[in-house]
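Let me begin by presenting the structure, written as structure tokens, before commenting on it.
The values are calculated or read from the model by the stated rules, or taken from the named source; none is laboratory data. All of these numbers come straight from a predicted model, not from anything done at the bench. Heads up, the Cβs are rebuilt from the backbone with ideal geometry, glycines too, and the neighbour counts pull from every protein chain shown.
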Amino acid sequence: MSDVAVECRGLTKSFDVVSAVRNLDLAVEQGEILVLLGPSGCGKTTTLRLIAGLEVPDAGSIRIGNQPVAGEGVFVATEKRRIGMVFQDYALFPHLSVSQNIAFGVPQRASETRVQDGLRVVGLCGVGGRMPHELSGGQQQRVALARALAPHPAVLLLDEPFSNLDAGLRLQVRSEIRDILKANRLTAIFVTHDQDEALFMGDRIAVFNAGSLEQVGTPEELFFAPASRFVAEFMGQADFIRGEITEHGLQTEIGPVLQPVTLAVGQRVEVAIRADDVSLVADPQSKAKVLGRSFRGAVNVYRVRLPSGRIVHSLQPHTLKLADGLLVRVQAEPGHPLAHFAI
Ligand code: ATP
């Protein structure tokens, strides 16, 4: 028995002239939460719909568990794919009670147990008799999850399931849903364009760019070792400064950074640097200038212009106050290798 829950090979889909998904190879392990992340229009939803059987691929194949479901002359209908789906608009049936919603799509003899199990799993015991409009948005989304889980799917597909929830509830519900998925060792593919959500939800993240996969890896791998400038930019507010590979390693416009380098000596590079990698010390001799401060509660984020004109951000404790216009020495103190790209 394979440990792969879903496998896409060479998956390709166009709509007229739009190439939505291009030659996609992707595998999801049993019990894994894989996040599909990328900007609007990059092909995330189309990939999910292809896996769900709501779209027919132009080329390539899909396997769910050991069963081929699309490609090579096979096309298995959505209802036979053993998938559960949760979308952003909950899509509960408004005229059915919570229990009836959960029981929908479950064989009748099993429905009572599945409804009770579903309510328990999502922490809503006791609300089975209520109608959807009598629940909060977060509760409705948990019912949608219970309904998707009730037929015991092999894999759960979630498309921006929290985007209709307000900010506070969103954090709470996503944490609850992640706990439920993990406690029940469920396999899930989760679409979002929000990198914070991806870092929080994903065991691994697949970053899409214009229909193709840019990189797949753990949240830490993508955050600290982005394979391309696109991933570095997308995974969290990186600034880019100029640098060069020298005999002593990576030299940047804010000084040397001690780290392994693989590019040849003399190669000019763009270095991705984030606010938590940058330290500031007041120094009237320096030519870097504080442009402004953004108060974020526990921390301040400073905007600083380097002599080259490039802007970097620096995250500092709220206790450190630096006036606008102050000249500061800027240093890279990342504590991890900085991603850099040849230019
Ligand atoms: P978003 O985050 O905005 O939902 P996405 O990454 O999920 O975006 P898709 O919805 O997969 O992107 O769309 C990929 C591309 O395919 C887009 O250019 C979109 O306009 C196009 N597309 C998707 N579905 C259709 C369709 N049914 N007919 C025509 N074009 C489509």
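Any residue at all in the stretch 9-16 that's on the phi > 0 side of the Ramachandran plot, within 12 Å of the ligand (Cβ to nearest atom) and surrounded by 17 or more Cβ atoms within 10 Å (Cβ to Cβ)? Checked the stretch 9-16: no residue is on the phi > 0 side of the Ramachandran plot, within 12 Å of the ligand (Cβ to nearest atom) and surrounded by 17 or more Cβ atoms within 10 Å (Cβ to Cβ). A Cβ distance below 8 Å, combined with a sequence gap of six or more or placement on separate chains, defines the contacts here; from the stretch 322-340, residues that are farther than 30 Å from A264 by Cβ reach residues that are of a type in the set (A, V, I, L, M, F, W, C) and in a loop (DSSP other than H, G, I, E, B) in the pairs V328/L322.
Among the residues of the stretch 98-137, those identified as buried (at least 19 other Cβ atoms within 10 Å of the Cβ), more than 20 Å from L186 (Cα to Cα) and free of Cβ contacts under 8 Å to residues at least 40 places away in the same chain are S99, G128. Looking across the stretch 202-218 at every residue that is buried (at least 18 other Cβ atoms within 10 Å of the Cβ) and farther than 19 Å from D159 by Cα, the one that is farthest from the ligand (Cβ to nearest atom) is identified as G217. From the list L54, L34, L96, the lone residue that is assigned to a loop (DSSP other than H, G, I, E, B) and more than 14 Å from the ligand (Cβ to nearest atom) is L96.
For the stretch 293-303, the set of residues classified as assigned to a strand (DSSP E or B) and either loosely packed, with under 13 Cβ neighbours inside 10 Å or over 32 Å from the mean Cα position of the chain (by Cα) (or both) consists of S294, F295, listed by residue number.
A Cβ distance below 8 Å, combined with a sequence gap of six or more or placement on separate chains, defines the contacts here; from the stretch 41-54, residues that are among the basic types (K, R) reach residues that are near the ligand (Cβ under 7 Å from one of its atoms) and not in a helix (DSSP H, G or I) in the pairs K44/G38; K44/V191; K44/H193; K44/F208.
If you go through the stretch 173-201 and keep only what is within 16 Å of the ligand (Cβ to nearest atom) and closer than 17 Å to L145 by Cα, you end up with I189, F190, V191, T192, M201. Somewhere in the stretch 80-97, is a residue surrounded by fewer than 21 Cβ atoms within 10 Å (Cβ to Cβ), at pLDDT 95 or above and within 30 Å of P219 (Cβ to Cβ)? No, the conditions are met nowhere in the stretch 80-97. Could you grab me the full set of residues in the stretch 171-202 that are more than 17 Å from E220 (Cα to Cα) and aromatic (F, W, Y)? Across the stretch 171-202, the qualifying residue is only F190. Look at (1) crowded, with 16+ Cβ neighbours inside 10 Å; (2) away from the ligand (no atom under 14 Å from the Cβ); (3) not in a strand (DSSP E or B) and you find that S61 fails only one, number (3). Among the residues of the stretch 225-247, those identified as more than 26 Å from I177 (Cβ to Cβ) and crowded, with 19+ Cβ neighbours inside 10 Å are P226, A232, A238, D239, F240, I241, G243, I245.
Scanning the stretch 155-177 for residues that are over 18 Å from A91 (Cα atoms) and crowded, with 17+ Cβ neighbours inside 10 Å yields a single hit, V155.
State whether one or more residues within the stretch 320-327 are surrounded by fewer than 18 Cβ atoms within 10 Å (Cβ to Cβ) and in contact with a helix residue (DSSP H, G or I) (Cβ under 9 Å, 6 or more places away or on another chain). No: the stretch 320-327 contains no residue that is surrounded by fewer than 18 Cβ atoms within 10 Å (Cβ to Cβ) and in contact with a helix residue (DSSP H, G or I) (Cβ under 9 Å, 6 or more places away or on another chain). Report every pair of residues separated by at least 6 positions or lying on different chains whose Cβ atoms are under 8 Å apart, first residue within the stretch 180-193 and of a type in the set (K, R), second away from the ligand (no atom under 16 Å from the Cβ). Listed by first residue and then by second, the contacts come to K182/I33; R185/Q30; R185/G31.
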